[in-house]
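Data first, discussion second: the structure below is written as structure tokens.
Please treat every number below as a calculation from the coordinates, not as lab data. Quick caveat, the model's predicted, so the values are computed rather than measured. Because the Cβ atoms are built from the backbone with ideal geometry, glycine has one as well, and the counts that use them run over all protein chains shown.
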Amino acid sequence: MNEQTLSKLILERSRYRKQGNFVDADALRKYIENTYNCVVEDKNGGETICVTADKVSDRKKRKREEESLKQQKQRQKQYKGIDLKKLKEIPRARTLRNKKLNFQLKKQKARFFHFAEFIKLTFLNDVWFRNYKKSTITCMDICGGSGNLSWEILSGKHLTKLDDEKRFKLRCIVVDPKIINFSLHKSKLIVKQCNIDTTCKDHHCDSNTEKNLLMAKGLHPKIQKKLNCGQMRKINNYLHASKGFEQITTFFNNQQFMEAHKSIWNKADLIIGLHPDEATDDIIEMSMQDFKPFVCVPCCVFPNKFPNRKLKASGKVVRSLNQLIEYIMEKADETNQKKHLMRKCMPDNVDVQMLYVVKKVTIEGIPGPCNEAIYGKYYVI
Ligand SMILES: C[S@@+](CC[C@H](N)C(=O)[O-])C[C@H]1O[C@@H](n2cnc3c(N)ncnc32)[C@H](O)[C@@H]1O
């Protein structure tokens, strides 16, 4: 391999990127980096360069040194007159940037709480669900990531208490190709709720060989190390049976998902998608097609992946979040025009007619701009 081949490969990668073929571009980048032991960097001007791994590590080291020097100076300014060497522990610098970052992080984390609250109030406290004949309500949390939203819905300890909360059991199925990773705090909580003594010295369980321990595999590695197979099984059962947590590690898309999990889809009573990336269209289209109650908060647009998304009114390709919401609402209007009705028998034997309607709402607690929810549900008419 020589310089000429390298520049040819870099050119080919640029061509892939221009064509929007990011999968091949990424594969080629990995190949170049492994073969030439270098790091491929894209400059602002569109130029691509290959930097040796040594140079990158030198640059990182220099940056770290500069950062620590800056922090030292900041601390000296903050603790004027105090000998820092005598202080056992120096508090973290409370820079404005840190404060802003922490604030943003807290707001982002709070989105699960606010969204769960919205779901409880809009759906679970609704006539449709309150007068349900089934004893279990199944929520399908598509693109659930680390399962935080499902956790919030299932635990719901700080959610507004609902009168009929005890009338049904909730079950949340997370559909995401990634195995749920519980934080250390949550893993400790789960172990505590299962009354498991982690101090007993026993061989720890190799969860890789135990195929059925899907949920327990998501426990924090520090906790997993202390558990034996029996304990892992107990945790898995607890998460499934008592807590109602389940996971399907697969992509959610129209054909393949339906082929493999049609019965689960049919049983689902509420479809949820919080920032569901590429699955946004499928969640909304499939729910509206089957007139299933759903709520989806779109976020990323991926204009290169979805060039077929075109606005009816202007004919423009969807490139921004606002356009994506407009595009979805155009589809929602079509569904609303179908005037799908359903008869529902209430417990006191009153027969009511319900109409399926898709609407849009802004959820206040979720930080913007990705806080517009599109939801479909049944209303008594
Ligand atoms: C932006 S994250 C959102 C995660 C979570 N809902 C949250 O709000 O923190 C998007 C998630 O969608 C998952 N994902 C992307 N495309 C998917 C698809 N077609 N089917 C299922 N999951 C998908 C990714 O693995 C990722 O965990």
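Choose one of ASN44, CYS139, GLN71: the residue whose Cα lies farthest towards the positive end of the charge dipole of the chain (beta-carbon charges +1 Lys, Arg; -1 Asp, Glu; about the Cα centre).
Result: GLN71.
Which three semi-axes in whole Å describe the equivalent ellipsoid of the range 234-381, each the square root of 5 times a Cα gyration tensor eigenvalue, listed largest first? Show your work: numbers first, answer last.
Working: eigenvalues 146, 107, 48 Å².
So the three semi-axes of the range 234-381 are 27, 23, 15 Å.
Relative to the Cα centre, what is the charge dipole magnitude of the chain, using +1 at the beta carbon of each Lys and Arg, -1 at the beta carbon of each Asp and Glu, and rounding to the nearest 20 debye?
Details: 72 positive and 44 negative charges, 380 e Å.
In total the dipole reaches around 1820 debye.
Say we join alpha carbon atoms closer than 10 Å with springs in a Gaussian network model of the chain; which of ILE180, ILE363, ILE196 then has the biggest fluctuation?
Judging by the Gaussian network model, the answer is ILE196.
So if we plug the beta-carbon distance of VAL317 and GLN193 into 1/(1 + (r/R0)^6) with R0 = 51 Å, what FRET efficiency do we get, rounded to 0.05? Write down the numbers at each step before the final one.
Details: r = 49 Å, r/R0 = 0.96.
The formula returns an efficiency of 0.55 here.
Compute the Rg/Rh shape ratio of the range 1-90: radius of gyration over Kirkwood radius, all on alpha-carbon atoms. Kindly include the intermediate steps, with their values, before the conclusion.
Numbers: Rg = 20.9 Å, Rh = 16.3 Å.
Radius of gyration over Kirkwood radius for the range 1-90 works out to 1.28.
Where the centre of each part is set by its Cα atoms, how far does the range 315-338 sit from the range 282-309, in angstrom?
10 Å
Output wanted: per-residue J couplings in Hz (rounded whole) for the range 6-16, from phi through Karplus 6.51 cos²θ - 1.76 cosθ + 1.60, θ = phi - 60°, x for Gly and Pro.
4, 5, 5, 5, 5, 4, 5, 5, 4, 5, 4
So how do ARG130, ARG171, ARG97 line up by other beta-carbon neighbours within 10 Å, fewest first?
Listed from fewest to most nearby Cβ atoms, that is ARG97, ARG130, ARG171.
Can you pull the semi-axes for the chain, root of five times each eigenvalue of the Cα gyration tensor, sorted largest first, whole Å? Don't skip to the end; give the middle numbers.
Working: eigenvalues 348, 202, 114 Å².
The three semi-axes for the chain are 42, 32, 24 Å.
Amide H of ARG309 versus every other amide H placed in the peptide plane: which residues, excluding those fewer than 5 positions away on the same chain, fall under 5 Å?
VAL318
With runs of 4+ DSSP H residues as the only contributors, calculate the mean residue ellipticity of the chain at 222 nm using -39,500 (n - 2.57) per run, divided by the residue total and rounded to the nearest 500. Each step should come with its number before you reach the end.
Working: 12 runs with 158 residues, N = 381.
Result for the chain, helices only: -13000 deg cm²/dmol.
Which of the GluC sites (Glu not before Pro) across the range 209-265 are loop residues per DSSP, with 16 or fewer other Cβ within 10 Å? Before the final figure, lay out each step's value.
Numbers: sites: GLU210, GLU246, GLU259; in loops: GLU210.
Passing both the DSSP loop test and the Cβ count: GLU210.
Kindly work out what percent of the DSSP beta bridges joining two residues of the chain are antiparallel, to the nearest 5.
Values: 23 of 42 bridges.
DSSP beta bridges in the chain are roughly 55 percent antiparallel.
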